[in-house]
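Colleague: This structure is in structure tokens; I'll ask about it shortly.
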Amino acid sequence: MMSTKHGKSIPQQIVLLFLAIITWYPLIFMVSTSLKTQNQFYENYWWFTYPFDFENYLIVWDRISIAIFNSIHYSFGTLVVVLTLSLLGGYAFGRFKFYGKNILFLAVIMLLMIPGILTLVPLFVLTKNLGMANSSLGFIFPLAGFEIVIGIFIMRLFFERLPTELFHAAKIEGANEIQLLLFVAIPLALPGLGTVAILDLLFTWNELLWPLVLLSDQDAYPVSAAVITFRNQYRVDNGNLFAAYVSVSIPLMILFIFVVRKFIRGIEGI
């Protein structure tokens, strides 16, 4: 079988090329459509057309910038809650021995098995009865409750793998449990916290159903819900719609470019 200088056979190269195309083409299609007028969209559906129409971005920016600010606000709120409770929960499950620990941890993990759509209506009723409907707290705390589960799971794995000798040595030096957590456990578990933070930001940024159910004010919509408002009941301007898609994707792309190595390092350490 013929092979290239990199050791891969030609059929393997073809398969990899095909996978690369189907992976990247949706992004290329999104960008190309965002630079078209409606007439250009119908004239050339699959690829770029000239001249580029950057006016689409100017048209959507006023509305989409508010949504981006809202998403940053919601993401920061959930991030603080999730990191704090995931850290404490993971540390407790990973470092301490107590009666019923495994049963309690299993009960927490079982929450991952419940489809989120089944809890949507009860969660909305509960949030409304607590007076948090159409509010930031009503958006943040329910989402954080779902995301804490995977956060505790990841952090427990990290804390269980930390050498116990480090904690014993710190105790000999007179450190208490709070000092062990702050000065021994947290610095060593930063890759795990980084992984939890990235996953939390992705989940919060991309959440769609919950804001549509909870928020009645469109000015409070995050980016995932805001882009839907660009769809008119009778007519869709594809250039504006895809310009909105590109605009809300850019912050996550920039974030992932800077943290992808830490994310991979954190996943490898689980």
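The values are calculated or read from the model by the stated rules, or taken from the named source; none is laboratory data. As the structure is a prediction and not an experimental result, all values here were calculated from the model. Methodologically, a virtual Cβ is constructed for each residue, glycine included, from the backbone with ideal geometry; neighbour enumeration extends over all protein chains shown. Side chains are part of the model used for accessible areas, which takes the heavy atoms of the whole protein and leaves out ligands, DNA and RNA. Shrake-Rupley method; radii C 1.70, N 1.55, O 1.52, S 1.80 Å.
Colleague: Of everything in the stretch 16-26 that's of a type outside the set (Val, Ile, Thr) and open to solvent by 50 Å² or more (accessible area, probe 1.4 Å), which residue is nearest to Ala244 (Cα to Cα)?
Modeller: Pro26
Residues checked against (1) among the acidic types (Asp, Glu); (2) surrounded by 20 or more Cβ atoms within 10 Å (Cβ to Cβ):
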position	(1), (2)
Phe48	no, no
Ile59	no, no
Asp62	yes, no
Ser71	no, yes
Ser75	no, yes
Phe93	no, yes
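Colleague: Quick check on the stretch 205-214. Is at least one of its residues in contact with a Ser or Thr (Cβ under 6 Å, 6 or more places away or on another chain), surrounded by fewer than 20 Cβ atoms within 10 Å (Cβ to Cβ) and at pLDDT 80 or above?
Modeller: Checked against the condition, which is being in contact with a Ser or Thr (Cβ under 6 Å, 6 or more places away or on another chain), surrounded by fewer than 20 Cβ atoms within 10 Å (Cβ to Cβ) and at pLDDT 80 or above, the stretch 205-214 yields at least one hit.
Colleague: With the requirement that a residue be of a type in the set (D, E, K, R) and surrounded by fewer than 16 Cβ atoms within 10 Å (Cβ to Cβ), what does the stretch 112-162 give you?
Modeller: The first filter runs over the stretch 112-162 and keeps only residues of a type in the set (D, E, K, R), leaving 128, 147, 156, 160-161.
Lys128, Glu160, Arg161 - these are the residues of the stretch 112-162 that are of a type in the set (D, E, K, R) and surrounded by fewer than 16 Cβ atoms within 10 Å (Cβ to Cβ).
Colleague: Residue check: is Ile103 free of Cβ contacts under 8 Å to residues at least 24 places away in the same chain, of a type in the set (A, V, I, L, M, F, W, C) and open to solvent by 30 Å² or more (accessible area, probe 1.4 Å)?
Modeller: Values: free of Cβ contacts under 8 Å to residues at least 24 places away in the same chain: yes; of a type in the set (A, V, I, L, M, F, W, C): yes; open to solvent by 30 Å² or more (accessible area, probe 1.4 Å): yes.
So Ile103 passes the test.
Colleague: Looking at (1) within 13 Å of Val82 (Cα to Cα); (2) of a type in the set (Asp, Glu); (3) open to solvent by 10 Å² or more (accessible area, probe 1.4 Å), can you tell me which one Asp200 breaks?
Modeller: Every listed condition holds for Asp200 apart from (3).
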